[in-house]
Amino acid sequence: MKAKPDAIDELLAAWRLARPDLDAAPLALVGRVLVLARGLERRVDAALSKHGLTLGQFDILATIRRAEQSRGLTPTQLLQSVVLTSGGMTNRLDKLEDAGLIARKPDPADRRGVVVTLTAKGRRVIDAATATRFSDAAKSLPALSARDRGKMETMLRGWLNDLENEER
């Protein structure tokens, strides 16, 4: 069964008329991935707003939660796992601390540094938000067989690896 035309099909048709000398075919896939990413991000934002979190705040709290057995992470360690400037990280950490979700404590390994840990409230919020996030991700998936989903994951993983290798 053929899918009905979408906005990307219209965009490609317009480019074929405006610039027939260019091959617009790659935009069929890249354009759809970009539109899907924006749509999925809007869904994630809406789901996380129920917990009073943005996606960026969720990423920081989730990173701390996953590393909880390490007794906290330094701001530098957090920067390595989320894409932010150090100023952006400080701003987010300030807001999360003001909300009572994280605590900054002296780093036992470095008297000049701090480690960031979840508070009890932060742990409750991130655990609830994570359950919401996982549930929303499941609802966002297209109706695919397990085999087709596996194929799609493999192809997307390869594409992502190629892009990451280009950036190095």
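Before moving on, here are some points about what is shown:
- Enumerated helices (runs of 4 or more DSSP H) restricted to segment 1-83, each holding at least 1 residues that are surrounded by 12 or more Cβ atoms within 10 Å (Cβ to Cβ) and touching a residue at least 60 places away in the same chain (Cβ under 8 Å): 26-49, 55-66
- Filter result for PRO75 (touching a helix residue (DSSP H, G or I) at 6+ places or on another chain (Cβ under 6 Å), of a type outside the set (Lys, Arg) and farther than 30 Å from GLY39 by Cβ): yes
- Checking segment 70-84 against the condition returns a match, with at least one residue being under 22 Å from ARG124 (Cα atoms) and touching a Pro at 6+ places or on another chain (Cβ under 9 Å).
- Scanning segment 149-168 for residues being acidic (Asp, Glu) and within 21 Å of LYS139 (Cα to Cα) gives a total of 1.
- Flag if ARG124 is in the same structural domain as SER70 (by TED's automatic domain parsing) and surrounded by fewer than 11 Cβ atoms within 10 Å (Cβ to Cβ): no
Here is a yes/no grid of residues against (1) under 23 Å from the mean Cα position of the chain (by Cα); (2) outside any helix (DSSP H, G or I); (3) in contact (Cβ under 8 Å) with a residue 24 or more places away in the chain:
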site	(1), (2), (3)
ARG112	no, yes, no
THR117	yes, yes, yes
LYS121	yes, no, no
VAL125	yes, no, yes
ALA129	yes, no, yes
ARG133	yes, no, yes
ASP136	yes, no, yes
LYS139	yes, no, no
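- Test: residue in segment 127-140 that is under 23 Å from ALA46 (Cβ atoms) and among the aromatic types (Phe, Trp, Tyr): yes
The values are calculated or read from the model by the stated rules, or taken from the named source; none is laboratory data. All of these numbers come straight from a predicted model, not from anything done at the bench. Cβ atoms come from the backbone with ideal geometry, glycine included; neighbour counts cover every protein chain shown.
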